[in-house]
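Note sheet for the following structure.
The values are calculated or read from the model by the stated rules, or taken from the named source; none is laboratory data. Just so it is clear, the model here is predicted, and its values are computed rather than measured. Please note: Cβ atoms are built from the backbone with ideal geometry, for glycine as well, and neighbour counts cover all protein chains shown. These area figures cover heavy atoms from the full protein model, side chains too; ligands, DNA and RNA do not enter into them. Shrake-Rupley method; radii C 1.70, N 1.55, O 1.52, S 1.80 Å.
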Amino acid sequence: MIGSLVIEEIAAEFACLAPEVQLYLEETTGIYDPRSSQADIVIYPAFKPLADSTLVARQFLISSYALVAHPDVLAGKPALVHPQDLAGFNCLALGEGTLNGVWELTNEQQISRFYFKPAFIATQPTALLHAARQGMGIASLPGLLIQDDLQQGKLVPVLPHWQPVPVTFFALHPGNKVITVAARRFLDLLLAR
């Protein structure tokens, strides 16, 4: 989802700039192994460093995440200062087939892991966004996805001095073959953004 916000716009711009190129954009959700793709370029989000492979990886975007909730979730509760203060709140998890959630949160001095049993699990951040908007609990969501909700007061920051791990977006292409001219042009546009 967050990749779609960025990639779809750049893909449309590229298609206008290079009308002679047939651009095929395929989006998928869930667990995906980019090594199995035959695409010239794969856009791949990662919360952890990439494993060694024969793919060439070019980092092009880091999207910060934040803990947020509907204002009613925190109303009348003591101020949250440390990740362990989240105990007792419903927390929403991004994942696939997981029964337990964990958020790794950092501030300027330390790293803390908060383990929880999710009240709701989804494979897409947008599903968590809808659940958070309805007051279901606290969610870790991409900044690009929640900025309007925060400005409009539909969501409020939770533990603003603690940041979840950001997602890093990579453009991947096979290292064992020459990248096409069209793929190189698309990659150049992507990296220029």
If we scan segment 61-70, do we find a residue that is open to solvent by 40 Å² or more (accessible area, probe 1.4 Å) and closer than 30 Å to residue 177 by Cα?
-> yes
Is there any pair linking a residue in segment 73-90 that is touching a residue at least 60 places away in the same chain (Cβ under 8 Å) to one that is part of a helix (DSSP H, G or I) and small (Gly, Ala, Ser), with Cβ under 9 Å and at least six apart or on different chains, and which?
-> 73/132
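Looking at 129, 155, 159, which one is under 30 Å from residue 11 (Cα atoms), at pLDDT 95 or above, surrounded by 12 or more Cβ atoms within 10 Å (Cβ to Cβ) and of a type in the set (A, V, I, L, M, F, W, C)?
After applying the criteria, what remains is 129.
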If you go through segment 114-124 one residue at a time, do you hit one that is without any contact (Cβ under 8 Å) to a residue 24 or more places away in the chain and aromatic (Phe, Trp, Tyr)?
-> yes
Going through segment 162-183 one residue at a time, which ones are out of contact with any Asp or Glu (no Cβ under 8 Å at 6 or more places or on another chain), assigned to a loop (DSSP other than H, G, I, E, B) and touching a residue at least 40 places away in the same chain (Cβ under 8 Å)?
-> 162, 166, 175, 176
Can you run down the residue pairs with Cβ atoms below 8 Å, 6 or more apart or on separate chains, where the first is in segment 44-67 and farther than 15 Å from residue 144 by Cα and the partner is among the polar types (S, T, N, Q)?
-> 46/168; 47/168; 54/176; 59/168
Could you figure out which of (1) at pLDDT 90 or above; (2) surrounded by 17 or more Cβ atoms within 10 Å (Cβ to Cβ); (3) among the aliphatic types (A, V, I, L, M) isn't true of residue 7?
-> (1)
Report yes if some residue within segment 60-81 is part of a loop (DSSP other than H, G, I, E, B), at pLDDT below 95 and closer than 16 Å to residue 141 by Cα; otherwise report no.
-> yes
The condition of being closer than 30 Å to residue 174 by Cβ, surrounded by 11 or more Cβ atoms within 10 Å (Cβ to Cβ) and out of contact with any Asp or Glu (no Cβ under 6 Å at 6 or more places or on another chain) holds, among 137, 95, only for 95
Flag for residue 171 being closer than 30 Å to residue 54 by Cα and surrounded by 17 or more Cβ atoms within 10 Å (Cβ to Cβ) = yes
Give me a count of the residues in segment 127-147 that are over 19 Å from residue 73 (Cα atoms) and part of a helix (DSSP H, G or I).
-> 3
Qualifying residue in segment 101-122 (condition: aliphatic (A, V, I, L, M) and surrounded by fewer than 15 Cβ atoms within 10 Å (Cβ to Cβ)) = yes
Pick from segment 10-27 the residues that are open to solvent by 90 Å² or more (accessible area, probe 1.4 Å) and within 23 Å of residue 63 (Cα to Cα): which of them is modelled with the lowest pLDDT?
-> 27
Limited to segment 174-193, what total is found for residues that are in contact with a His (Cβ under 9 Å, 6 or more places away or on another chain) and open to solvent by less than 30 Å² (accessible area, probe 1.4 Å)?
-> 2
